[in-house]
Amino acid sequence: MRLLKNYFYNIGYQVLNMILPLITGPYIARVLGPEGVGINTYTGAVIQYFVLFGGLGIALYGNRQIAYVKSDKKELSITFWEIQIIKMVTVLLAYLLFLIYLALVHQYRFYLVLQSLYIIATGFDISWLYEGVEDFKKTFTRNTLVRITSLVLILLFVHKSSDVWLYILILAISNLGGYIALWPTISKVIKPIRIKRLNPLRHLPGTLALFIPYLTLNVYPIINKTLLKHFCGVTSSGYYEKSDVMVRMALAFLTSLGTVMLPHTSKAFSDGKVDLTRRLLQKSFSLVSMMAFPIAFGMAAIAPKFGTFFYGIGFRPVNAALFIESFAIVFMGWSSITGTQYLIPTRQTKYYTYSVILGSIINILLDVPLIIIFGLNGAALATTVSEGFIATFQLVSIRNQVNYRNWYQNILK
């Protein structure tokens, strides 16, 4: 029952992070237009490079480590503060690198400064602590009020194409506020620890080991947006964002399961219950497959008209891109289970790392020629192919640890 509650709370949290642009999508698309949406998308993509560096893969590593020690409050507190210290240092370095970058560029500087609030917000993000102790309720409830407030502010104050800066500012502040809202209740989970007892450096190898796959897995959607801006103009970045946000929205129902199961599987594995982790993997894979196929084909069915209907006639290119990228939903759902729920908790990080690095390389190699030939649709196709490779690689990597016969029977159903 607790797992089920956490699953729905995490779905709520993930959907909440995307529901603001989803609800305001039609309104913002018509008010800001393709160029305004493109400016927000491109500058946001640039900032995400620094956000990824500041995050250092702690979203995955911290979740797993907290799950390992959650039964011991003292060790839990030590682990949290050690990991958080590392994160604060990397966020500070990331912002310094951003300032250097800002001094070298001239286009969209004002928008980039506003977007940089996302870098600062990364330092306050402790959602991995609550996920590690399997308390997903707090990450959901604390953000709800902040997100709803930002929605109201957008509808009240963003009324014309020149309000791009205001739209960016409202989104960035809401993101920062959502993370800050997680801190007041932290005393219920951990206790104060003397600084001399902390040894943050012991976590550095583990965070770096997961940082590489975390970076590569998250960086290629950003690369798609920046390359589209370079080869096709800033409006193409906006089209890709509108297509991708719909896919990520649907995907939240699938990836939430892997996120919820990560601490549960980590605890089972640390207790020596290897058979249990594999049974959980099989059940989760079947459940995700049961949802992924109808979601993917349903989205593909409505895609040819959805972009124009939802965002307006100026966003017609979204239709074809959404159709192509919708088929990646199945692959992304599978890899979220095999990677997040199984490979990371069972300390088989190397297979996870290989899959996302090679997948990212394939995406980048395909991106340039496909974008030059097919434009926006080329970026969507590159995403689908690379996600297919990642899922296939991970499934092949664990072929000797599971019985695929039952898996395939359930997929056919």
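The values are calculated or read from the model by the stated rules, or taken from the named source; none is laboratory data. Keep in mind that this is a model prediction, so the values were computed, not measured. Positions of Cβ are generated from backbone atoms using ideal geometry, with glycine treated the same way; all protein chains shown enter the neighbour counts.
In table form, for the structure just shown:
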item	result
Residue selected from segment 229-239 under the condition buried (at least 22 other Cβ atoms within 10 Å of the Cβ) and either modelled with pLDDT of 90 or more or not aliphatic (A, V, I, L, M) (or both), by the criterion farthest from residue 315 (Cα to Cα)	229
Checking residue 152 against (1) modelled with pLDDT under 85; (2) surrounded by fewer than 16 Cβ atoms within 10 Å (Cβ to Cβ), the condition it does not meet	(1)
Residues that are β-branched (Val, Ile, Thr) and under 12 Å from residue 56 (Cβ atoms), drawn from segment 182-234	207, 212
Helices (runs of 4 or more DSSP H) within segment 344-413 that include 2 or more residues at pLDDT 90 or above, in contact with a Gly (Cβ under 9 Å, 6 or more places away or on another chain) and closer than 22 Å to residue 283 by Cα	376-397
Qualifying positions in segment 40-84 - of a type in the set (Ser, Thr, Tyr), touching a Lys or Arg at 6+ places or on another chain (Cβ under 7 Å) and buried (at least 21 other Cβ atoms within 10 Å of the Cβ)	41, 42
Any chance residue 383 is within 26 Å of the chain's Cα centre (by Cα), surrounded by fewer than 17 Cβ atoms within 10 Å (Cβ to Cβ) and either under 30 Å from residue 236 (Cβ atoms) or not aromatic (Phe, Trp, Tyr) (or both)	no
Residue tally, condition surrounded by fewer than 18 Cβ atoms within 10 Å (Cβ to Cβ) and more than 25 Å from residue 344 (Cβ to Cβ), over segment 127-146	3
Search result, residues across segment 112-126 that are in contact with a helix residue (DSSP H, G or I) (Cβ under 6 Å, 6 or more places away or on another chain) and surrounded by fewer than 21 Cβ atoms within 10 Å (Cβ to Cβ)	112, 117, 118, 123, 124
Subset of segment 313-343 (residues that are in a helix (DSSP H, G or I), farther than 21 Å from residue 279 by Cα and not β-branched (Val, Ile, Thr))	314, 315, 319, 320, 321, 322, 323, 325, 326, 328
Meets criteria (modelled with pLDDT under 95, surrounded by fewer than 21 Cβ atoms within 10 Å (Cβ to Cβ) and in a helix (DSSP H, G or I)) for residue 100	no
Yes/no for residue 331 being free of Cβ contacts under 8 Å to residues at least 60 places away in the same chain, of a type in the set (A, V, I, L, M, F, W, C) and out of contact with any strand residue (DSSP E or B) (no Cβ under 6 Å at 6 or more places or on another chain)	no
Positions within segment 131-149 being more than 17 Å from the chain's Cα centre (by Cα) and either assigned to a loop (DSSP other than H, G, I, E, B) or under 16 Å from residue 184 (Cβ atoms) (or both), in sequence order	133, 134, 135, 137, 138, 141, 142, 144, 145, 146
Test set (1) among the aliphatic types (A, V, I, L, M); (2) free of Cβ contacts under 8 Å to residues at least 12 places away in the same chain; (3) part of a loop (DSSP other than H, G, I, E, B) - residue 152 fails condition number	(3)
Near pairs, Cβ below 9 angstrom, 6+ apart or cross-chain, from segment 200-219 (closer than 19 Å to residue 48 by Cβ) to any residue that is of a type outside the set (A, V, I, L, M) and not in a helix (DSSP H, G or I)	207/57; 210/57; 211/57; 212/57; 213/57; 214/57; 215/57
Subset of segment 64-97 [in a helix (DSSP H, G or I), closer than 20 Å to residue 135 by Cα and of a type in the set (S, T, N, Q)]	65, 77, 79, 84
Residue in segment 299-312 that is outside any helix (DSSP H, G or I) and touching a residue at least 40 places away in the same chain (Cβ under 8 Å) present	yes
Filter result for the condition that a residue is crowded, with 18+ Cβ neighbours inside 10 Å and farther than 21 Å from residue 117 by Cα, over 201, 210, 176	210
Cβ pairs under 9 Å, 6+ apart, first in segment 99-113 and under 15 Å from residue 226 (Cα atoms), second loosely packed, with under 11 Cβ neighbours inside 10 Å and of a type outside the set (S, T, N, Q)	112/105
Restricting segment 156-176 to residues that are β-branched (Val, Ile, Thr) and closer than 15 Å to residue 108 by Cα, the residue that is farthest from the chain's Cα centre (by Cα)	164
Hits in segment 240-268 - residues which are among the aliphatic types (A, V, I, L, M) and at pLDDT 70 or above	245, 246, 247, 249, 250, 251, 252, 254, 268
